[in-house]
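Comments concern the structure below.
The values are calculated or read from the model by the stated rules, or taken from the named source; none is laboratory data. Nothing here was measured: the structure is a model prediction, and the numbers come from that model. Quick reminder, even Gly has a Cβ in these numbers, built from the backbone with ideal geometry, and neighbours come from all protein chains shown. Please note that ligands, DNA and RNA were not included when accessible areas were found on the heavy atoms of the full protein model with its side chains. Shrake-Rupley method; radii C 1.70, N 1.55, O 1.52, S 1.80 Å.
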Amino acid sequence: MNGISFVVNKQLLVCSCGLWQIYGIPCPHACQCISHWAETYDDYVHEFMTVESYRSTYGPGMKELPEILKWEPQIADVIQPPPKRFLEPMNVDNKTEAASDRA
């Protein structure tokens, strides 16, 4: 198309574009190769990205949080501002000395 080519390695499940490694799902380049190899995409998807894995993780469901009115206050909820630091005011003479030292 635009002169850029990508290398797909079916044993390592990688593509030189990097998307397959990041997402665990074959990138468009890998899909084209898998189609050319006359194989199914399911064999090349990372096990964490399968429907079975999703169902085993989220199948039991997640408990709902109680209404905010029923939350018990926590000490950590009160955020204190950082302590104030008092810095010595900089003299105009010190600024000119610092500038001349850098030169």
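Take the Cα of F6, step 7 Å toward its Cβ, do the same at R85, and the gap between the two points is 4.7 nm.
Could you provide, to the nearest whole Å², the per residue accessible area of the chain with probe 1.4 Å?
Numbers: 10030 Å² over 103 residues.
Value returned for the chain: 97 Å² of accessible area per residue.
Ligands, DNA and RNA left out, the accessible area of the chain computed with a 1.4 Å probe is 58% carbon and sulfur.
What FRET efficiency comes out for the pair T57/Q21, r = Cβ-Cβ distance, R0 = 22 Å, nearest 0.05? Step by step, r from the Cβ atoms, then E = 0.55.
Hey, can you rank 83-90, 48-55 by average C-beta count inside 10 Å, highest first? Mind dumping the intermediate values first?
Numbers: 83-90: 5.9, 48-55: 10.6.
Top to bottom by mean Cβ count within 10 Å: 48-55, 83-90.
Ranking request for peptides 63-72, 33-42, 14-23: highest mean number of other beta-carbon atoms within 10 Å first, then the rest in descending order. Write out the running numbers ahead of the final one.
Values: 63-72: 7.0, 33-42: 11.9, 14-23: 15.4.
Order by mean packing, descending: 14-23, 33-42, 63-72.
In the chain, the longest principal axis of the Cα atoms and the axis of helix 92-102 are about 50 degrees apart.
If you look at the Cα atoms of the chain, you get an Rg and a Dmax of 29.3, 79 Å.
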